[in-house]
Amino acid sequence: MPRSGRLALAALAALAACSAGGSSTSPVVPEVPPYPVGQLTEQTIVVGGVTRRFRVHVPAGLSAPMAVVFVLHGGGGEGMDVSLPGQNPLSTFRTVADRERFVVVYPGGLPANDLEGKVGWVDCRADNLVASSADDVGFLAALVERVRGEYRLTTARMFMAGGSNGAQMTHAFAFNRADLVAAIATSAGSLPLTPSAGGCTSGPSRPLPIVILHGSGDTQMPWAGGCVANLGGNCNRGRVISAEATRDRWLQINGLTGVTPVTTVVDSSTADAGPANRFRYAGAAPVEWWRLDGAGHTVSSRTVLVAPNPQTGIQNRDVEFAEAAWAFFKSRLP
């Protein structure tokens with residue numbers, strides 16, 4: 001049988017097992033590796049008649065991944081180039097994957113409707129006037145289902161993380177398709193003040209474990225809530241609620257309102273604006289919330305260091321976002 005036929009049969013078998021409620025305690029080795037091993041490759045998928053791009057990082061020698069982590073880039077920046085080593089803190093997911101033996105997928109957004117035409121995501125902000133008309137929830141859902149089937153994994157091994165607009169898209173995906181991921185992680189991404197109709201308002205369909213990091217000095221995704229990246233002063237990227245209100249909304253969703261968190265302070269760097277404060281709310285669907293004192297919008301990292309600037313502020317260097325996210329995800333594995 002040709003390779004394409006074997007892959008299709010493997011995918012159908014895995015999806016049938018998931019639909020029947022099947023689970024596995026350990027990864028299953030695919031008959032044929034769905035993506036090149038030991039490298040980062042660019043791939044495409046057609047969803048709704050639109051060709052969408054994504055990159056896949058498979059660690060060397062890996063045939064049966066522990067999990068798959070989908071990492072969403074921010075808006076108006078590097079796009080999928082956040083996957084390139086040393087250029088963006090989100091690339092560190094690849095380093096963690098090499099050690100922990102999971103696959104990283106970097107999906108690509110489409111150009112936004114602003115003058116620069118840089119890529120972004122259509123998340124839950126009903127008042128975001130620069131977003132494209134893309135069905136990004138549909139794209140990500142199709143991509144998650146495809147990769148899950150190709151690797152013959154269950155939903156319990158599917159995770160999503162993102163920074164900035166990618167964090168907002170991660171929230172949006174969770175609100176619309178909580179059935180497709182086991183847990184999520186966000187950096188500098190708050191929930192919308194005015195959510196779109198449908199799942200963005202009525203979802204998510206179930207409690208979902210989440211880890212949230214946000215800098216108290218963030219002005220692009222304002223800590224206290226307000227206009228997103230309001231560089232022109234006309235608030236055309238919509239408004240969000242505060243970082244604390246975003247935390248409280250997830251505590252409500254996960255049935256943890258009133259739970260007293262366990263607090264840890266991490267202050268390993270003197271080159272940033274203050275310590276990282278972790279608040280762990282225990283439960284069946286836990287919430288782990290990080291307040292990064294004085295930190296701006298840049299994804300926190302100990303290894304990929306970004307110089308401060310007037311727009312993004314000072315990077316927190318006490319915690320590696322990719323490490324914090326994976327530690328949380330790993331604790332949820334069956």
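What does the helix-only formula give at 222 nm for the chain: each DSSP H stretch with n ≥ 4 adding -39500 (n - 2.57), the total divided by the residues, and the result rounded to the nearest 500 deg cm²/dmol?
Details: 7 runs with 79 residues, N = 334.
Dividing the helical sum by the residues of the chain leaves -7000 deg cm²/dmol.
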The rounded separation in angstrom of the Cα centers of the stretch 127-147 and the stretch 172-216 is 14
Diffing the stretch 117-128: the Karplus 3J(HN,Hα) column from phi (6.51, -1.76, 1.60, θ = phi - 60°), in whole Hz with x for Gly and Pro, holds x, 6, 6, x, 10, 8, 9, 8, 6, 6, 9, 7
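Using only the Cα atoms, what convex hull volume per residue in Å³ does the stretch 22-130 have?
Working: hull volume 16.1 nm³, N = 109.
It comes to 148 Å³ per residue, whole-number rounded.
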Going residue by residue through the stretch 242-259, the Karplus relation 6.51 cos²θ - 1.76 cosθ + 1.60 with θ = phi - 60° gives ³J(HN,Hα) values, rounded to whole Hz and with x marking Gly or Pro, of 6, 4, 5, 5, 4, 4, 5, 5, 6, 4, 5, 4, 8, x, 10, 4, x, 6
So the pair-distance distribution of the stretch 266-334, from every Cα-Cα distance in 5 Å bins, comes to percents of 4, 17, 25, 23, 14, 10, 5, 2, 0
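Assuming 0.890 mPa s and 25 °C, estimate D for the chain with Stokes-Einstein, Rh taken as the Kirkwood radius over Cα pairs, in µm²/s.
My calculation gives 123 µm²/s for D.
Over 16 Å, how big is the tail of the calculated P(r) for the stretch 101-220, in percent of all Cα pairs?
Numbers: 4391 of 7140 pairs.
Tail of the P(r) past 16 Å holds 61 percent of the pairs.
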Using the Kirkwood radius over Cα pairs of the stretch 84-149, the Stokes-Einstein translational diffusion coefficient at 4 °C and 1.567 mPa s, in µm²/s and rounded to a whole number, is 92
Expressed in angstrom and rounded, the centroid-to-centroid distance over alpha carbons for the stretch 32-92 and the stretch 240-256 is 29
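Find the relative contact order for the stretch 113-168 and round it to a whole percent, using C-alpha pairs within less than 8 Å whose residues are 6+ positions apart. Write down the numbers at each step before the final one.
Numbers: 31 pairs, mean separation 19.5, N = 56.
Value for the stretch 113-168: 35 percent.
For the chain, calculate the relative contact order in percent as a whole number, restricting contacts to Cα pairs under 8 Å that are 6 or more residues apart. Intermediate results must be reported in sequence, preceding the final value.
Working: 811 pairs, mean separation 50.9, N = 334.
Taking the mean separation of contacting Cα pairs over the length of the chain, I get 15 percent.
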Applied in sequence order to the stretch 281-289, the curve 6.51 cos²θ - 1.76 cosθ + 1.60 (Karplus, θ = phi - 60°) yields integer Hz couplings, x standing for Gly and Pro, of 9, 7, x, 4, 10, x, 10, 10, 10
Amide H contacts under 5 Å for Val211, restricted to residues at least 5 apart in sequence or on another chain and with H modeled in the peptide plane, are Ile184, Ala185, Thr186, Glu288
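When the convex hull of the C-alpha atoms of the stretch 216-321 is computed, what volume per residue in Å³ does it have? Mind dumping the intermediate values first?
Working: hull volume 11.0 nm³, N = 106.
Convex hull volume per residue, Cα atoms: 103 Å³.
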The answer for Leu72, listing residues at least 5 apart or on another chain whose modeled amide H is closer than 5 Å to its amide H, is Ala161, Gly162, Gly163
Once normalised by the length of the stretch 121-227, the mean sequence separation of its alpha carbon contacts under 8 Å that are 6 or more apart gives a contact order in percent of 27
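Rule-based calculations on the coordinates, nothing more; no lab input. The structure presented is a predicted model; accordingly, all values stated were derived computationally and were not measured.
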